[in-house]
Amino acid sequence: MSVSRAISGDRQTSHIITSISSASSADLGTLTTCNCELAVLPVLQFLQQQKEYFSPEGYSITANHHHGGGYNVCCEGEIWVQTQRFTVSSFLKRKTVLKSHEEYRDYRENLLSKPLVLFTSVIKNNTESPVEKTFAVVVNTRHPKIRRQIEQGMDQAISSATGENYSLKFELQNVVKTFFFQGGYSTDGEGLDFSYEFKTDSLFDVFYMLGCNKRKAEINGKILNLSCNVEEKKNKVKMFLDKMSEPFIRIGSSADRRFSNISVGSKEEDDVFS
């Protein structure tokens with residue numbers, strides 16, 4: 001199946017996607033998008049509900065950034081949708097090399113300008129024939145807690161660098177693995193990290209060669225499960241994602257980013273494992 005057919009086939013979602021019950025769905029009606037730290041949902045559902053930011057053609061996807069909105073899609077140039085591999089254009093490399101302070105500033109500004117989305121595969125535990133499902137993991141870099149973790153990680157990496165070159169890896173494996181394990185699923189954590197390497201023209205940096213300037217920073221936060229196959233709830237989740245992916249507006253401006261106070265369904269009706 002081509003990605004364009006998969007994305008346009010909204011009605012297919014309930015027959016194709018299986019996901020853990022949305023234990024946190026009741027929170028969506030009272031939270032602002034700025035209160036969402038991390039979110040997970042099946043990749044096909046994500047592409048269907050945010051199709052204005054993803055242009056499919058055959059077996060390729062282009063991530064669009066309309067007027068500063070959308071997502072930073074962090075991957076290695078491909079993602080899996082169901083059992084088919086698709087190439088991705090206009091993505092943020094999971095491993096980026098920066099060669100100047102200007103490139104560093106641009107990278108940092110872009111990283112914090114819009115939500116970041118990564119992809120990982122999960123399987124249901126204790127099943128005879130487990131089938132891998134790809135999930136999108138949305139990192140709301142505009143949330144104060146998430147933004148602070150990223151900024152502090154980058155600031156500390158700079159201040160503690162002994163030589164001229166250094167690298168920093170952000171990891172989400174622990175928080176995401178714990179979340180899926182509680183729902184009876186497991187993931188190897190592949191795709192749940194991203195990094196950058198600041199590399200100058202220095203030909204010999206003994207500290208970096210010895211691994212002294214290779215840093216790691218863990219990203220932690222509350223995960224909202226946006227998985228669903230109920231039509232009414234899908235519309236409300238889409239509204240929530242639409243708000244999150246709007247062009248950046250600083251907190252304190254006149255714009256109201258609050259999600260409407262409406263119920264998004266019970267835990268029982270959202271359980272699509274059964």
(request) Would you mind computing Rg(Cα) / (2.2 N^0.38 Å) for segment 32-148, counting N as its residues? (result) 1.15
(request) Quick one: check the C-alpha center-to-center distance for segment 42-82 versus segment 127-183, whole angstrom. (result) 20 Å
(request) Might you work out the accessible area of residue 87 for me, using a 1.4 Å probe with all protein chains in place, and round it to the nearest 10 Å²? (result) 70 Å²
(message) Which one, 125, 87, 115, is farthest towards the positive end of the dipole of segment 44-173 when Lys and Arg carry +1 and Asp and Glu -1 on their Cβ?
(response) 125
(message) Compute, for segment 69-129, the length of the dipole vector about the Cα centre, with Cβ point charges of +1 (Lys, Arg) and -1 (Asp, Glu) only. Units Debye, rounded to 20.
(response) 80 debye
(message) Quick check on segment 129-190: take the gyration tensor over C-alpha atoms, sort the square-rooted eigenvalues as a ≥ b ≥ c, and tell me if it's rounded (a/c under 1.5), prolate or oblate.
(response) prolate
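Leaving out ligands and nucleic acids, note down the accessible area per residue over segment 63-158 with a 1.4 angstrom probe, in whole Å².
About 51 Å² of surface per residue is accessible.
The values are calculated or read from the model by the stated rules, or taken from the named source; none is laboratory data. Predicted model only: the values in this text are computed from it and were never measured. A quick note on method: Cβ atoms are made from the backbone with ideal geometry, for glycine too, and the neighbour counts reach across all protein chains shown. Remember, those area values only see protein heavy atoms, side chains included, never the ligands or the DNA or RNA. Shrake-Rupley method; radii C 1.70, N 1.55, O 1.52, S 1.80 Å.
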